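The values are calculated or read from the model by the stated rules, or taken from the named source; none is laboratory data. Every value quoted in this text rests on a predicted model; they were computed, and no experiment measured them. Cβ: placed from backbone, ideal geometry, glycine included. Neighbour counts: every protein chain shown.
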Amino acid sequence: MQLHGAHGYLISQFLSPLSNRRTDDWGGDLEDRMRFLVETVRAVRDTVGPHFPLAIKLNSADFQRGGFDEHESMAVVDRLALEDVYLVEVSGGNFGAPAMMGKTVPESTRRREAYFQSYAEEVRRRVPGMPLMLTGGFRTLAAMQSALDDGACDLVGVGRAMCVDPATGVGLLNGTVTGAPVEPKQLGMRRLLGRVINLRSIDGILDLQWHTDQIHRMAAGLPPNLDRTWRQALFSMIRRNGLGALRRRRGF
């Protein structure tokens with residue numbers, strides 16, 4: 001079981017000083033902002049028992065000015081090391097700054113593929129006994145093997161490629177596949193729409209929705225549809241989430 005503490009979802013909203021504006025015991029300094037995560041870990045552990053594998057997905061940073069940064073993220077990992085956590089999965093960004101999709105990372109990092117490897121290596125030095133999964137940017141078997149050989153992680157995470165071809169993992173393991181290419185999905189009519197909306201943010205949400213649609217298709221017993229257009233993904237995003245999906249999130 002994995003608790004999703006990254007990418008702007010509920011746990012990471014509590015962790016971020018941008019979204020968490022609370023003045024009670026659940027907001028303010030980092031110790032109080034991480035309280036929701038720690039109490040959730042403990043409640044889940046009490047429910048599933050001592051032997052059930054429990055993992056956390058955590059942002060290395062949310063890549064927004066004044067937001068959750070690497071320094072705070074390291075402190076959260078230090079705290080998680082005191083809890084009964086089986087594994088930490090390292091990722092980064094949210095759909096306002098989608099670093100996990102490579103949209104806010106340097107070109108040199110995109111070429112290396114492992115977007116958050118430097119952070120994972122630092123976590124390894126600080127908490128050497130913590131098993132790590134590294135996710136974000138992997139496209140080739142060579143890059144995945146390199147991250148493992150370098151000791152940056154114990155596991156490699158592959159996400160969007162599995163939405164396009166669910167047999168990708170099997171192929172990587174048995175050597176019949178040497179890569180997991182992913183083609184980013186972007187909003188059309190960019191020159192016009194770029195005048196009124198944040199294209200980078202909407203592209204991140206749209207890319208997520210396009211791949212989510214593929215998961216829905218497979219859940220319904222249908223194969224992925226690689227010809228699905230950005231317009232279809234945009235429509236399904238609005239249908240499922242309403243126009244609120246396009247609005248900037250507020251603090252709570």
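Here's a check for you: in segment 3-28, which residue that is touching a strand residue (DSSP E or B) at 6+ places or on another chain (Cβ under 6 Å), among the aliphatic types (A, V, I, L, M) and not in a helix (DSSP H, G or I) is nearest to MET74 (Cα to Cα)?
The residue in question is ALA6.
Any residue at all in segment 86-95 that is out of contact with any Phe, Trp or Tyr (no Cβ under 6 Å at 6 or more places or on another chain), modelled with pLDDT under 60 and in the same structural domain as TYR9 (by TED's automatic domain parsing)?
Within segment 86-95 (the criterion being out of contact with any Phe, Trp or Tyr (no Cβ under 6 Å at 6 or more places or on another chain), modelled with pLDDT under 60 and in the same structural domain as TYR9 (by TED's automatic domain parsing)), the answer is yes, since at least one residue qualifies.
Residue by residue, here is whether (1) modelled with pLDDT under 70; (2) out of contact with any Ser or Thr (no Cβ under 7 Å at 6 or more places or on another chain); (3) of a type in the set (Val, Ile, Thr) holds:
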site	(1), (2), (3)
ASP165	no, yes, no
LEU172	no, yes, no
VAL182	no, yes, yes
GLY188	yes, yes, no
LEU206	no, yes, no
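Tally up the residues in segment 132-145 that are buried (at least 16 other Cβ atoms within 10 Å of the Cβ) and either among the β-branched types (Val, Ile, Thr) or out of contact with any Lys or Arg (no Cβ under 9 Å at 6 or more places or on another chain) (or both), please.
Matching residues across segment 132-145 total 7.
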